[in-house]
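The values are calculated or read from the model by the stated rules, or taken from the named source; none is laboratory data. Here the structure is a predicted model, which is why all the values come from computation and not from measurement. Using ideal geometry, Cβ is built from the backbone for each residue, glycine included, and neighbour counts are taken over all protein chains shown.
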Amino acid sequence: MKYRSVFDIIGPVMIGPSSSHTAGAARIGRVARSLFGREPKWAKISFYGSFAETYKGHGTDVAIIGGLLDFDTFDERIKTSLEIAKDAGMQINFIVEEAIPEHPNTARVSIGDDEGELELVGISIGGGKIEITELNGFQLRLSGNHPAILIVHNDRYGAIAGVANVLAKYAINIGHMEVARKEVGMQALMTIEVDQNIDEQVLVELSTLPNILKVAKIVD
């Protein structure tokens, strides 16, 4: 079920005219920021479908950059996020794509700095709710509406069981979990949505497990 309550249908408290084009876009940007772990030095945003057609009029551009600056949907600074980002030295490039996406409200967010890069694809499904459908080439389904742990690991026997044991140790309940891999025996991505926020100690312990390469979290 995509909507948990009537408030999901009405939409969140937000800046902007459209929960799909503004609040959803801000949340896509904020998930990218959360996974990247810091403010990026550059951002390349590709808009598809209705995002591409109306992103300026509906404030999708300022919203998604506001998310990259870690602004929430109701933060007044979203209105001037482009200026704030440029003042901070962030290089921004918006691209209008002609390709027809699977969902009309689709954005591909590529961000980076001298230390690394990240690319994800997000869709805004209405009422400010989103789904992340791709991360650095891995296919996934992440709502962005719950605390989540993302784990890049070697595709080896016991990796998933090891993670599950650590979460059980800390009494963390798994609401949704899936594993994506590009090729058998190579790297894979675990996406785990949980019912409570995750303490840093849990992430540290997960990162020490065999075959675990990188651990990141998204806070609800």
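Counting only strands (runs of 3 or more DSSP E) that fall entirely inside region 129-193 and contain at least 3 residues that are charged (D, E, K, R), the qualifying elements are 129-135. Just so you know, in region 63-97 the residues that are among the polar types (S, T, N, Q) and not in a loop (DSSP other than H, G, I, E, B) include one that is surrounded by the most Cβ atoms within 10 Å (Cβ to Cβ), and it is S81.
Against the test of being within 20 Å of L118 (Cα to Cα) and of a type in the set (V, I, T), the options I172, I212 yield a single qualifying residue, I212. In region 63-82, what count of residues is obtained for those that are without any contact (Cβ under 8 Å) to a residue 24 or more places away in the chain and under 19 Å from S34 (Cβ atoms)? Matching residues across region 63-82 total 2. Considered as a group, the residues in region 156-180 that are touching a residue at least 40 places away in the same chain (Cβ under 8 Å) and farther than 21 Å from E102 by Cα include one that is surrounded by the most Cβ atoms within 10 Å (Cβ to Cβ), and that residue is V163.
For region 117-151, taking the residues that are more than 12 Å from the chain's Cα centre (by Cα) and modelled with pLDDT of 95 or more, the one that is surrounded by the most Cβ atoms within 10 Å (Cβ to Cβ) is identified as I151. Taking F51 as the residue in question, decide whether it is part of a loop (DSSP other than H, G, I, E, B) and closer than 28 Å to P147 by Cα. So F51 does not fit the description; no.
If you go through region 98-128 and keep only what is under 18 Å from R27 (Cα atoms) and outside any strand (DSSP E or B), you end up with H103, P104, G127, G128. Given the condition among the β-branched types (V, I, T), farther than 30 Å from G59 by Cα and not in a strand (DSSP E or B), answer yes or no: does some residue in region 207-215 qualify? Yes; the residues of region 207-215 include at least one that is among the β-branched types (V, I, T), farther than 30 Å from G59 by Cα and not in a strand (DSSP E or B).
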